[in-house]
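The values are calculated or read from the model by the stated rules, or taken from the named source; none is laboratory data. Keep in mind the model is a prediction, meaning the values are calculated, not measured. So basically every Cβ, Gly included, is an ideal-geometry build from the backbone, and we count neighbours across all protein chains shown. For the accessible areas, the whole protein counts, side chains as well, though only heavy atoms, and no ligand, DNA or RNA atoms are used. Shrake-Rupley method; radii C 1.70, N 1.55, O 1.52, S 1.80 Å.
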Amino acid sequence: MNFKPITLPDKKDIDACFSGNIYRACSFSFANLFAWNAKFNTMFAIESQTVFIRFQDFDGQIYYMMPVGKMPLKDAFDRITEDAADNNIPFRMKGITSLMRDNIQKVLPGRFCYLPDRNNDEYIYLSEKLIKLSGKKLQSKRNHINRFKADNPDWKYFPLTSGKELAECVKMLDEWEEKSISGISMTRRYDYIATRLMLEHFNSLRLCGGAIRANGKIVAFTIGEPLTKDSFVVHVEKAFGDVNGAYTIINQQFLEHEASGFMYVNREEDMGLDNLRRAKMSYYPDIILEEAILIPAANKNEK
């Protein structure tokens, strides 16, 4: 197969394959694939209006993703297992959700087994819940927002539309980076790189963004985009941790203004970071999209 690195001009062709995507997994977004390429060295190939993706994870292993497009699933699996054999790559896939697993089992019963991958499970919420923040469980979130509004009476939410606003977000990101511990965490360092790329190529990637300004400066911003017909994905959320309620209010305001037309919001995975897991769980997800690693059944004893 003719795998090649992902570049910005490939967006049109890859998006065409994703156009009928029914999976709510955040990996099926060109912006994610492009922005996180520094970490994953992602490659792609397109055949019969179907996109095939392989990447290298932190463990040094090569993984494939679920093929998406028009090619029958059995034929698509034949192509990538053949590619793995041709390149002497042990065949593995990551990001396999229960729906993907069911679809694989229908056409290739018993050929594979699935290993849980908790750090890559994704958090999905009803958008209405994150906008209204109703009920006792989310009382603390409402309190955080009220505290932010009381501390910052001049606060304002606005969508990201101009180059000047995006440049301000880059400046804020750099300041956020200096204040955070990302300098000693490779995962967080790649998160910074991905966020920077999304800001720098915001319009070309056709992303949606919003920010909060208080006391004359941006204190929080977020970036996302539609993922499927009924779901919206939030790729980035950055706020100054020393501004009380900044994370909470940008989450609520962005969804209210930019994603209220979608039933679900995917806030992606926690990458195994304890503080991020606590933050995502504190909003009580409606769906934890469990993901698994697929390996051949013959290798079921593999750890």
Are any of the residues in region 282-289 buried (at least 16 other Cβ atoms within 10 Å of the Cβ) and closer than 23 Å to residue 167 by Cβ? no
Failed item, numbered, when residue 153 is tested on (1) surrounded by fewer than 12 Cβ atoms within 10 Å (Cβ to Cβ); (2) assigned to a helix (DSSP H, G or I): (2)
Which condition number in (1) surrounded by 15 or more Cβ atoms within 10 Å (Cβ to Cβ); (2) closer than 27 Å to residue 289 by Cβ is the one that residue 212 fails? (2)
Considering only residues that are in contact with a strand residue (DSSP E or B) (Cβ under 9 Å, 6 or more places away or on another chain) and among the β-branched types (Val, Ile, Thr), which ones fall in region 189-237? 195, 212, 218, 219, 222, 223, 228, 233, 234, 236
Look at region 23-58 and say how many of its residues are of a type in the set (D, E, K, R) and at positive phi. 0
Residue tally, condition assigned to a strand (DSSP E or B) and open to solvent by 60 Å² or more (accessible area, probe 1.4 Å), over region 1-57: 4
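Look at region 232-256 and say how many of its residues are assigned to a strand (DSSP E or B) and either surrounded by 21 or more Cβ atoms within 10 Å (Cβ to Cβ) or of a type in the set (A, V, I, L, M, F, W, C) (or both). So that I can check it myself, show each step before the final result.
Filtering region 232-256 for residues assigned to a strand (DSSP E or B) gives 232-239.
With either surrounded by 21 or more Cβ atoms within 10 Å (Cβ to Cβ) or of a type in the set (A, V, I, L, M, F, W, C) (or both) added as a condition, the list becomes 232-236, 238-239.
Qualifying residue count for the region: 7.
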Residue 140 - would you say it is at pLDDT 95 or above, hydroxyl-bearing (Ser, Thr, Tyr), closer than 30 Å to residue 260 by Cα and open to solvent by 70 Å² or more (accessible area, probe 1.4 Å)? no
For residue 294, indicate whether it is surrounded by 20 or more Cβ atoms within 10 Å (Cβ to Cβ) and farther than 21 Å from residue 224 by Cα. yes
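Can you tell me which residue among 222, 195 is part of a strand (DSSP E or B), open to solvent by less than 20 Å² (accessible area, probe 1.4 Å), hydroxyl-bearing (Ser, Thr, Tyr) and within 23 Å of residue 271 (Cβ to Cβ)?
On the way: 195 fails: part of a strand (DSSP E or B).
Testing whether each residue is part of a strand (DSSP E or B), open to solvent by less than 20 Å² (accessible area, probe 1.4 Å), hydroxyl-bearing (Ser, Thr, Tyr) and within 23 Å of residue 271 (Cβ to Cβ) leaves just 222.
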